[in-house]
Amino acid sequence: MQQGLTQSYGPVFLIVGFSMFVALAMFTLASLLGPKNPTAVKNEPFEAGNPSTGAKHVKLSVKFYLTAILFVVFDIEAIFLYPWAVLFQRLGWVGLAEMLVFIAVLSAGLVYCWKKGALEWQS
């Protein structure tokens, strides 16, 4: 039997609506109940509780961005491995072969990054 749109998507809309309500309630309460006495010290920028030092417009090395992108790529790999592991028995040998190809392509990318020195922090 087919369910109606409200029955199938109702819980999703309920969660989204509740999340929006909680976020708006927190923002409103923080605005209304929060302190209203800004001072020069409170308006200064800070880094992890320490006073900031150095110039405002420091250009970061490309190594920072490259490391972040590599982290995202291999984090996504782990995300794709989890559903495959859950459905491993249902997917059978075809699923195993496809996952081995997926891991082989990502391993080739890792070896390429390694050979190019993308994982070396010094240099």
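Some notes on this structure:
- Dipole magnitude for the chain: about 300 debye, using +1 per Lys or Arg Cβ and -1 per Asp or Glu Cβ, origin at the Cα centre.
- On the basis of the beta-carbon distance and an R0 of 35 Å, Phe18 and Ile76 show a calculated FRET efficiency of 0.75.
- Ordering of 30-41, 11-22 by packing [mean C-beta count within 10 Å, highest first]: 11-22, 30-41
- Radius of gyration and maximum dimension Dmax of segment 5-116, Cα, Å: 24.1, 66
Coordinate-derived values only; no laboratory data. Bear in mind the structure is a predicted one, so any value in this text is a computation, not a measurement. Ideal geometry is used to build each Cβ from the backbone, glycine not excepted, and the neighbour counts take in all protein chains shown.
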